[in-house]
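Engineer: Got a structure here, written out as structure tokens. Questions coming.
The values are calculated or read from the model by the stated rules, or taken from the named source; none is laboratory data. Computed from a prediction, not measured in an experiment: that's the story for all the values here. Virtual Cβ from ideal backbone geometry, glycine too; neighbours counted across all protein chains shown.
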Ligand code: FDA
């Protein structure tokens, strides 16, 4: 309510925000969560909450009049289509040199992501966040995060026989024949449910290609895990379609938080002000960075330090496809949930997910999302003339990622006598180098904040999301974001309440 006082306000309902809310509530603190996206708890006119990747409607994109599919073309033809402008679930946010895909709604990225739940190798984690005690992370917080998220592994015997993972078996065969290890990757999808989907005994979700615009069944999004537990405490309130626009010190102590209520066209319908004793920035790497950079530059939080907005990276994401021979079909029906990857991190700086291409037809294509050790880091700055926050990432900075991905796919192509697909990202374009699914950094741990996410300059302000991680995690990031949030909130509850 306008004018309310709250003990803890959390901006955003993704991984960092959900961990903070649950643990604070369990410690007896009342928590108010503010989420700019929709609740995603009510079916549309087709009886489903989420729309399918093959039939995107208004629910698919955040305030766009045309879809912005990561794979923009097929056989050279553009495949994007007109949609009504609406507060849909997937934001393809254009930051100039890069399009950053993000989930919008209660559950954040967990609503739209592939659910690949990967714990990095310990040496890689230690190199990325040297100020964090790796012993504690691997002994306590990674296991806690994996349990809280409901992480599980595909049954390898089922994998070997089921039609919907033929694409992944082809990916494994080609990797292994070129001498690369193929590793199974855990996921938060309910694997027993998927077995029933494949057997035709329950409504299909992953096997029907649902993913980017939400899964109607099977996927254990945060709505089903951390947020369900948080709500069950009775101490957590969530306000969807509310966007935080300002945080500044309140005259009597705590922080004044300005919140705009929006409708499904994105128009502001009300502006509310609350006072919060503690504020947790969990708006995602881009959301948190944009807020903090603006608040520092415009004088709302001038004492934030010079590290704000720095250290942003794309987790080295780059996509490509390979054209297989006719004797290596990848399957008409492909489960939308990836379950394996090719690990060439140490030798070539790349970890490639064998990704599905669920088109409903046989494409003879293998598709990959690579995570690479890209060294480039970008910075967010405030442009006073336009009143917007900008990111100085350049498309050409993807070249090291392409080179690292090529250490895998050039070798496979040469061994198999195959070529790259050139029709998926435009005309005669091999590399999907225009995007990231994994934005990280902008308020890096132990730089913009102390070693537990407390923002320098202001007591009671915290960062607890992907903004803390300096640009790369060596694998898919959400388990690390969750584990780090578990570590930090435990310390904050023990010492700051
Ligand atoms: P997250 O982005 O989850 O949450 C932030 C929330 O804050 C959002 O709900 C947003 O709407 C809200 N918000 C932002 N600004 C706000 C404001 N001013 N006021 C109120 N609310 C605001 N990772 C992985 O590990 N495995 C995978 O398989 C995949 N796959 C994948 C696919 C796709 C298509 C995408 C887009 C992403 C992935 N990811 C992934 C990445 C993963 O989803 C991502 O790293 C996490 O969701 C980030 O978690 P955070 O808690 O940092 O923020």
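Engineer: May I ask you to verify whether residue 261 is farther than 30 Å from residue 392 by Cβ, in a strand (DSSP E or B) and modelled with pLDDT of 95 or more?
Structural biologist: So residue 261 fits the description; yes.
Engineer: Among the residues of segment 404-417, is any more than 14 Å from residue 16 (Cβ to Cβ) and either within 14 Å of the ligand (Cβ to nearest atom) or outside any helix (DSSP H, G or I) (or both)?
Structural biologist: Scanning segment 404-417 turns up at least one residue that is more than 14 Å from residue 16 (Cβ to Cβ) and either within 14 Å of the ligand (Cβ to nearest atom) or outside any helix (DSSP H, G or I) (or both).
Engineer: In this structure, does residue 185 turn out to be buried (at least 18 other Cβ atoms within 10 Å of the Cβ), within 14 Å of the ligand (Cβ to nearest atom), closer than 26 Å to residue 342 by Cα and at pLDDT 95 or above?
Structural biologist: yes
Engineer: When segment 427-458 is examined, which residues are found to be part of a loop (DSSP other than H, G, I, E, B), over 18 Å from residue 68 (Cα atoms) and within 15 Å of the ligand (Cβ to nearest atom)?
Structural biologist: Of everything in segment 427-458, those that are part of a loop (DSSP other than H, G, I, E, B), over 18 Å from residue 68 (Cα atoms) and within 15 Å of the ligand (Cβ to nearest atom) turn out to be 441, 442, 443, 444, 445, 448, 453.
Engineer: Right, another one. Can you give me the number of residues within segment 76-93 that are within 14 Å of the ligand (Cβ to nearest atom) and assigned to a strand (DSSP E or B)?
Structural biologist: Count: 5.
Engineer: I need a count of the residues in segment 438-476 that are under 16 Å from residue 391 (Cα atoms) and surrounded by fewer than 22 Cβ atoms within 10 Å (Cβ to Cβ).
Structural biologist: Total satisfying the criteria: 1.
Engineer: I need every pair where a residue in segment 32-54 that is without any contact (Cβ under 8 Å) to a residue 12 or more places away in the chain has its Cβ under 7 Å from the Cβ of a residue that is surrounded by fewer than 24 Cβ atoms within 10 Å (Cβ to Cβ) and assigned to a loop (DSSP other than H, G, I, E, B), sequence separation at least 6 or different chains.
Structural biologist: From segment 32-54, the pairs are 42/49; 43/49.
Engineer: Specify the residue that is surrounded by the most Cβ atoms within 10 Å (Cβ to Cβ); the eligible residues are those in segment 208-231 that are farther than 20 Å from residue 43 by Cα and more than 15 Å from the ligand (Cβ to nearest atom).
Structural biologist: 229
Engineer: Give the residue that is farthest from the chain's Cα centre (by Cα), with candidates limited to residues of segment 252-262 that are free of Cβ contacts under 8 Å to residues at least 60 places away in the same chain and more than 13 Å from the ligand (Cβ to nearest atom).
Structural biologist: Among those that are free of Cβ contacts under 8 Å to residues at least 60 places away in the same chain and more than 13 Å from the ligand (Cβ to nearest atom), it is 252.
Engineer: Give me the residue from segment 122-133 that is crowded, with 16+ Cβ neighbours inside 10 Å and either free of Cβ contacts under 8 Å to residues at least 40 places away in the same chain or within 16 Å of the ligand (Cβ to nearest atom) (or both) and, out of that set, farthest from the chain's Cα centre (by Cα).
Structural biologist: Ranking the candidates gives 126 first.
Engineer: Same structure, new question: With respect to residue 241, is the statement that it is in contact with a helix residue (DSSP H, G or I) (Cβ under 6 Å, 6 or more places away or on another chain), within 16 Å of the ligand (Cβ to nearest atom) and at pLDDT 95 or above true?
Structural biologist: The answer is no for residue 241.
Engineer: Are any residues in segment 96-106 crowded, with 20+ Cβ neighbours inside 10 Å and closer than 16 Å to residue 286 by Cα, and if so, which ones?
Structural biologist: 98, 100, 101, 102, 103, 104, 105
Engineer: Can I ask one more? Picking from 61, 15, which residue would you name as being modelled with pLDDT of 95 or more, touching a strand residue (DSSP E or B) at 6+ places or on another chain (Cβ under 8 Å) and within 14 Å of the ligand (Cβ to nearest atom)?
Structural biologist: Among 61, 15, only 61 is modelled with pLDDT of 95 or more, touching a strand residue (DSSP E or B) at 6+ places or on another chain (Cβ under 8 Å) and within 14 Å of the ligand (Cβ to nearest atom).
Engineer: Taking segment 128-168 as the search range and keeping residues that are out of contact with any helix residue (DSSP H, G or I) (no Cβ under 8 Å at 6 or more places or on another chain) and outside any helix (DSSP H, G or I), which one is nearest to residue 331 (Cα to Cα)?
Structural biologist: By that ranking, first place goes to 161.
Engineer: Among what's in segment 264-294 and is within 20 Å of the chain's Cα centre (by Cα) and part of a loop (DSSP other than H, G, I, E, B), pick the residue that is nearest to residue 87 (Cα to Cα).
Structural biologist: 283
Engineer: Here's a follow-up. Being more than 10 Å from the ligand (Cβ to nearest atom) and crowded, with 17+ Cβ neighbours inside 10 Å is the filter here; which residues of segment 263-288 pass it?
Structural biologist: 274, 275, 276, 278, 279, 280
Engineer: I'd like to know if segment 392-402 contains one or more residues that are buried (at least 17 other Cβ atoms within 10 Å of the Cβ), touching a helix residue (DSSP H, G or I) at 6+ places or on another chain (Cβ under 9 Å) and in contact (Cβ under 8 Å) with a residue 40 or more places away in the chain.
Structural biologist: No, segment 392-402 has no match at all.
Engineer: Would you confirm whether any residue within segment 194-202 is more than 16 Å from the ligand (Cβ to nearest atom), within 18 Å of residue 109 (Cβ to Cβ) and not in a helix (DSSP H, G or I)?
Structural biologist: no
Engineer: Among the residues of segment 108-117, is any touching a helix residue (DSSP H, G or I) at 6+ places or on another chain (Cβ under 7 Å), modelled with pLDDT of 95 or more and more than 7 Å from the ligand (Cβ to nearest atom)?
Structural biologist: There is no residue in segment 108-117 that is touching a helix residue (DSSP H, G or I) at 6+ places or on another chain (Cβ under 7 Å), modelled with pLDDT of 95 or more and more than 7 Å from the ligand (Cβ to nearest atom).
Engineer: Surrounded by fewer than 12 Cβ atoms within 10 Å (Cβ to Cβ), in a loop (DSSP other than H, G, I, E, B) and at negative phi: which single residue out of 41, 57 fits that description?
Structural biologist: It is 41.
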